[in-house]
Amino acid sequence: MTRALRLLLCVCAVVNAIAGEDVEWWQNGPIYQVYPATFADSNGDGWGDIKGILEHADYFKDIGVGAVWLSPIFASPMQDNGYDVANYTDVNPIFGTKQDVKDLIDKLHSLGIKFMLDFVPNHSSDQHVWFKNSVNRVPGYENFYVWRNKSSSKMDNGKAIPLEPNNWRSLFTPSAWTWNDQRGQFYLHQFGAFQPDLNYDEPLVVEAMKNVMRFWLDMGVDGLRVDATPYLIETHYDLNQPDFPGCVPKGPLDYYECQQHLYTRDQPKLYDIMAEFAKVLDEYKNNGTRYQSIEAYAALNFTMMYYMNSTSPFNFNILSYLNQNSNASVAKYAVDLWMNNMPKGRWANWVTGNHDNARVATRFGEDMVDAINTMSILLPGTPITYMGEEIGMSNSLIPEDLRRDKTDFNRDPERAPMQWNASLNAGFSSNPRPYLPVASNYWRVNVEAEKSTEKSHLGVYKKLVSLHKDLVAKGAEDFQTYVITPWVFAFTRPNHLILINFNNLEEEFTLSGFKLPNDKEIPSKLFAKIPSINSEYSEMFEIDTKNNITMRPRSSVVLSVSGGSVVFKSSAILIFATFAVTFFKF
Ligand SMILES: [Ca+2]
Ligand SMILES: [Ca+2]
């Protein structure tokens, strides 16, 4: 090796190392959400479990996952699928043991994958010993929950019925208050009556929850997904909340939607609590960065307030704004809304689905699976993948007698088992009655089938993740969004142009005169790098940008300025290396 070549390699290595250090694990992603009950059942009892997840650890590595996030696995009576926690530092035996969690963390870490747990701070189960102690006014627990006296009583058949302290409504029940005879007071629950809200005006609660965080962080957990944060704090218990004028509830869930939640959502103090949680994460930073993702379905100004060190709010814009009828303008609006309102220097993320929303193939149609994954993975920021979205799973039709979701929301269809192969229960469980029935398309939409096919959603996903990792250190450099036609949405990343056709018809358009960021001319040749499986373009197909371009309905394509040869990450490196070689006159 000549000294010149050695120097060139050395210069590039230094630059790459700096870029690598700048990218935190939670920026690199994807963060992959596992719904534990339906991912993999290791012991044949019909429920997915932690050992089952461990057995598939190599799958995460294979598809390029950066972090695995588990929905709740804690001790729970499972009235809200684990979002009713009866012991924050114990594991539900149906999922396994704390040792199983430790084994999973060790295995993932050995593969270079981070591990996140769900954290449910707003409410516990009414079966939690804290609540039982609070009902009994055990010293230290009197104020762990939000207790209020009755406002008055009404007589019913000669019996005095206590009336609620105010008119606040709950998401799961008509009133946010339930009477407890033993304590002789009402307790607050913004969700189910079995989910009493913890009282964050009580310093002992804040300290107890910080200790829950420390328990799991001590075990090696890298991050938390914090549940339902907008509901953390309530104020003005003496005031009623008004209804939106003219809002007429049609069903039991509409009662909540009709009320203006002036004192029960997005209260300023909750951001102080989140900052306290972030400080706990920072206690561990010398041993690797820890991180929290915030689940906040809130107005944009409230959502953006969650951005702080070690903390990002989930970006639900793709979920909230886009559907099968969306056009390019809506897509641009949804993307720009986040990017343009994010506080300076912060990092985006892109959620396309989760255990509370219909699957992408169901919301958009299966033809859009690759296009939506392309957006989530290649827009600047962290991709968030709900299990099965990488293979394009659809909602499962769940017969009424097999329902698991005990709330009025029917969220079972998107929680159906992961589809591993074409065998019984899609390879999820050997039990003839699994937790939920698999979707009927499992025989063709499954990991094994997609791995063995040249063109598959999984194949596209892996290529997208690989490109994401190549570009992640660039952040939002050279990023811009475009409406090419009313139906074709486009965005740019360094050396790449990404086209997505939202139309149910073929689109034809020209890129002639199209300006890249910084007013750069578009190159005369572009190469199809990652086409969706329904695209007419094969990989490395050369596109002449002077000619008209066509795109099949609901297809996407990632175009590169390079036909596959090595592209320097920055022309500055090349210039510096050339300069160095010249200057030192070897
Ligand atoms: Ca099991
Ligand atoms: Ca609360």
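The values are calculated or read from the model by the stated rules, or taken from the named source; none is laboratory data. Quick caveat, the model's predicted, so the values are computed rather than measured. Cβ sites come from the backbone with ideal geometry, for glycine too, and all protein chains shown count toward neighbours.
Structure notes:
- When the criteria are applied in full, PRO268 meets the requirement of being out of contact with any helix residue (DSSP H, G or I) (no Cβ under 8 Å at 6 or more places or on another chain) and more than 30 Å from VAL68 (Cβ to Cβ).
- Listed by first and then second residue, the pairs linking a residue in segment 462-482 that is at negative phi and outside the structural domain of PRO380 (by TED's automatic domain parsing) to a residue that is acidic (Asp, Glu) and in a helix (DSSP H, G or I), with Cβ atoms under 6 Å apart and 6 or more places separating them unless they lie on different chains, are THR481/ASP336.
- Complete set of residues in segment 81-121 that are surrounded by fewer than 21 Cβ atoms within 10 Å (Cβ to Cβ), in a helix (DSSP H, G or I), within 16 Å of ligand 1 (Cβ to nearest atom) and in contact (Cβ under 8 Å) with a residue 40 or more places away in the chain: ASP100, ASP103
- Positions within segment 342-399 being among the polar types (S, T, N, Q) and either more than 21 Å from SER312 (Cβ to Cβ) or touching a Cys at 6+ places or on another chain (Cβ under 6 Å) (or both), in sequence order: THR362, THR374, SER394, ASN395, SER396
- Test: residue in segment 401-419 that is buried (at least 23 other Cβ atoms within 10 Å of the Cβ), more than 26 Å from TYR83 (Cβ to Cβ) and among the hydrophobic types (A, V, I, L, M, F, W, C): no
- For segment 122-133, the tally of residues that are surrounded by 16 or more Cβ atoms within 10 Å (Cβ to Cβ) and more than 25 Å from the chain's Cα centre (by Cα) stands at 6.
- Matching residues in segment 51-83 - criterion: being under 22 Å from ASP356 (Cβ atoms), away from ligand 2 (no atom under 16 Å from the Cβ) and under 20 Å from the mean Cα position of the chain (by Cα): ILE53, VAL65, ALA67, VAL68, TRP69, LEU70, SER71, PRO72, ILE73, PHE74, ASN81, GLY82
- Note on segment 408-450: residues that are assigned to a helix (DSSP H, G or I), closer than 13 Å to SER396 by Cβ and away from ligand 1 (no atom under 16 Å from the Cβ) amount to 5.
- Strands (runs of 3 or more DSSP E) wholly inside segment 134-222 that include at least 3 residues being within 16 Å of ligand 1 (Cβ to nearest atom) and crowded, with 17+ Cβ neighbours inside 10 Å: none
- Any hit, segment 49-68, residues being in the same structural domain as GLN292 (by TED's automatic domain parsing), acidic (Asp, Glu) and in a strand (DSSP E or B): no
- Being in a helix (DSSP H, G or I) and in contact with a strand residue (DSSP E or B) (Cβ under 8 Å, 6 or more places away or on another chain) is a condition met by at least one residue of segment 377-387.
- Residues of segment 118-144 classified as touching a strand residue (DSSP E or B) at 6+ places or on another chain (Cβ under 7 Å) and of a type in the set (S, T, N, Q), total: 3
- Condition met for ASP49 (farther than 17 Å from THR385 by Cα, surrounded by 19 or more Cβ atoms within 10 Å (Cβ to Cβ), within 16 Å of ligand 1 (Cβ to nearest atom) and of a type in the set (Asp, Glu)): yes
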